[in-house]
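Structure first, then comments.
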């Protein structure tokens, strides 16, 4: 049987890793953007971002003072012996990571503003569950900062606008956001489902490695076109102008009602923080 204390400790370490070490796919995308940047002002911003990434990794400190809302996406094998315990383990790990990493206490009561001081609270941490076959638990950690989250949006479009209307809505939104979400951003786009489903699809899209293509060729082509259109806006790194406003656009889709066209636009800042852990049926935990 698994040692609960060890599992909570390892989960807390993974949360800390997500806060302090940017995934290699994101680092490579930032480096590529810097190499291609023609604007001196934008290049200076990208240099500062990459230096920030290096210091955070070398010294084990958070990439940003806003360590985000701790959000978890769980692919839960229905045969796992730990399903009943996992929610409690994640909550304990968040409290532990808040003290040890440390993470900024970011959860406040929506009416009173009271802060419990440990990133706990009603509905916190946020956990999305997806039941799958097997005995393993795969947990993806997505710390989402407030600045980028504030720039996310749901748009209920008239179905008649079609794909052209979707493209326009996304580009217009990026222009309106400007430098507020700390670009270059990663955009997670959810198309279809209902209002809630479109937003969840968009957030789930942020879990993909930067630049990975959707398996549906039509969706992948849309991702590529949207990335080109967004970068043509000239918003640039930190909003100062330049060639790279966005590192990647990832789109996820679902069938929709014929009378509605939900569009979820989830904006992630350059600090596209992620980490994933796998808990096997024997209780071993691996950062993957």
**Prompt:** Just checking, how many residues over region 229-243 are crowded, with 20+ Cβ neighbours inside 10 Å and out of contact with any strand residue (DSSP E or B) (no Cβ under 7 Å at 6 or more places or on another chain)?
**Reply:** 5
**Message:** Among the numbered criteria (1) crowded, with 20+ Cβ neighbours inside 10 Å; (2) more than 26 Å from residue 227 (Cα to Cα), which one does residue 143 miss?
**Reply:** (2)
**Message:** Can you tell me which condition residue 182 does not meet? The list is (1) buried (at least 22 other Cβ atoms within 10 Å of the Cβ); (2) more than 15 Å from residue 266 (Cα to Cα), and all the others hold.
**Reply:** (2)
**Request:** Read through the list (1) farther than 30 Å from residue 48 by Cβ; (2) surrounded by fewer than 18 Cβ atoms within 10 Å (Cβ to Cβ); (3) in contact with a helix residue (DSSP H, G or I) (Cβ under 9 Å, 6 or more places away or on another chain), then give the number of the only condition that residue 222 fails.
**Result:** (2)
**Request:** For region 81-101, enumerate the residues that are in contact with a helix residue (DSSP H, G or I) (Cβ under 9 Å, 6 or more places away or on another chain), over 13 Å from residue 139 (Cα atoms) and either in a loop (DSSP other than H, G, I, E, B) or not assigned by TED's automatic domain parsing to the domain that holds residue 138 (or both).
**Result:** 101
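The values are calculated or read from the model by the stated rules, or taken from the named source; none is laboratory data. These numbers were taken from a predicted model, which means no experiment stands behind them. Heads up, the Cβs are rebuilt from the backbone with ideal geometry, glycines too, and the neighbour counts pull from every protein chain shown.
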